[in-house]
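Chemist: The structure is given below, and queries will be raised subsequently.
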Amino acid sequence: MPIVINTPTSNIGRALASRLLDAGESIRVLSRDRKKVDELTRRGASVVEGSFEEPALLSEALEARRRCFWLTPPPARPDYYDWAVSCARHAAMTAKKAASVEQS
């Protein structure tokens, strides 16, 4: 089961992904642009391409995962706080749903 990282192109997410791969962990990354995570995929990461704001993509990324590292990127938008909270809540609900499916 992979560890899911939703920010693999940020300074924090990329460093974490690299260290997990160095440690032999299985990871899955969410990225809007597959080319931006080429180095990680060459090293063994699986990728789910698209935005974590897409419900189907988020469900795909979080299925059969062991853990998830969630970091909401700071976009330049006036409703950032509400947007970030909404995205995090949706991710938590999706992860909870995926966990309940795994347990049944």
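The values are calculated or read from the model by the stated rules, or taken from the named source; none is laboratory data. Because the structure is predicted, anything quoted here is derived from the model rather than measured. Please note: Cβ atoms are built from the backbone with ideal geometry, for glycine as well, and neighbour counts cover all protein chains shown. What goes into the accessible areas is simple: the full protein's heavy atoms, side chains included, and nothing from ligands, DNA or RNA. Shrake-Rupley method; radii C 1.70, N 1.55, O 1.52, S 1.80 Å.
Chemist: What pairs can you find where one residue is in region 50-63 and within 20 Å of residue 36 (Cβ to Cβ), the other is open to solvent by 60 Å² or more (accessible area, probe 1.4 Å) and assigned to a loop (DSSP other than H, G, I, E, B), and their Cβ atoms are less than 7 Å apart, with a gap of 6+ or different chains?
Modeler: Short answer, once both residue conditions are applied: 50/32; 51/32.
Chemist: Applying the selection to region 60-86, what residues are surrounded by fewer than 16 Cβ atoms within 10 Å (Cβ to Cβ), within 11 Å of residue 28 (Cβ to Cβ) and among the aliphatic types (A, V, I, L, M)?
Modeler: Once the filter is applied, which keeps residues that are surrounded by fewer than 16 Cβ atoms within 10 Å (Cβ to Cβ), within 11 Å of residue 28 (Cβ to Cβ) and among the aliphatic types (A, V, I, L, M), region 60-86 yields only 64.
Chemist: Give me the pairs, please: first residue somewhere in region 4-27 and at negative phi, second residue anywhere and open to solvent by 20 Å² or more (accessible area, probe 1.4 Å) and of a type in the set (S, T, N, Q), beta-carbon distance under 9 Å, and either six or more positions apart or on two chains.
Modeler: Between residues of region 4-27 that are at negative phi and residues that are open to solvent by 20 Å² or more (accessible area, probe 1.4 Å) and of a type in the set (S, T, N, Q), the close pairs are 6/72; 7/72; 20/26; 26/46; 27/46.
Chemist: From the list 98, 88, which one is closer than 20 Å to residue 12 by Cα and small (Gly, Ala, Ser)?
Modeler: Details: 98 fails: closer than 20 Å to residue 12 by Cα.
The conditions single out 88.
Chemist: In region 38-60, how many residues are under 12 Å from residue 1 (Cα atoms) and modelled with pLDDT under 85?
Modeler: 0
Chemist: Which one is nearest to residue 14 (Cα to Cα), of the residues in region 73-85 that are of a type outside the set (A, V, I, L, M) and out of contact with any Phe, Trp or Tyr (no Cβ under 9 Å at 6 or more places or on another chain)?
Modeler: Among residues in region 73-85 that are of a type outside the set (A, V, I, L, M) and out of contact with any Phe, Trp or Tyr (no Cβ under 9 Å at 6 or more places or on another chain), the one nearest to residue 14 (Cα to Cα) is 73.
Chemist: Another one. Kindly check whether there is at least one residue in region 38-49 that is among the basic types (Lys, Arg), in contact with a helix residue (DSSP H, G or I) (Cβ under 7 Å, 6 or more places away or on another chain), loosely packed, with under 15 Cβ neighbours inside 10 Å and touching a residue at least 12 places away in the same chain (Cβ under 8 Å).
Modeler: Here is the first cut: in region 38-49, the residues among the basic types (Lys, Arg) are 42-43.
From the residues that got through so far, the ones that are in contact with a helix residue (DSSP H, G or I) (Cβ under 7 Å, 6 or more places away or on another chain) too are 43.
If we keep only those that are loosely packed, with under 15 Cβ neighbours inside 10 Å too, we end up with 43.
Filter once more, keeping what is touching a residue at least 12 places away in the same chain (Cβ under 8 Å): 43.
Among the residues of region 38-49, at least one is among the basic types (Lys, Arg), in contact with a helix residue (DSSP H, G or I) (Cβ under 7 Å, 6 or more places away or on another chain), loosely packed, with under 15 Cβ neighbours inside 10 Å and touching a residue at least 12 places away in the same chain (Cβ under 8 Å), which makes the answer yes.
Chemist: Among the residues of region 33-48, which ones are in contact with a Pro (Cβ under 9 Å, 6 or more places away or on another chain) and in a helix (DSSP H, G or I)?
Modeler: Initial filter on region 33-48 (in contact with a Pro (Cβ under 9 Å, 6 or more places away or on another chain)): 36-37, 40, 45-47.
Selection gives 36, 37, 40.
Chemist: Have a look at 54, 60, 39 and point out the one that is within 11 Å of the chain's Cα centre (by Cα) and among the acidic types (Asp, Glu). Walk me through it before giving the result.
Modeler: Working: 54 fails: within 11 Å of the chain's Cα centre (by Cα); 39 fails: within 11 Å of the chain's Cα centre (by Cα).
Matching residue, one of 54, 60, 39: 60.
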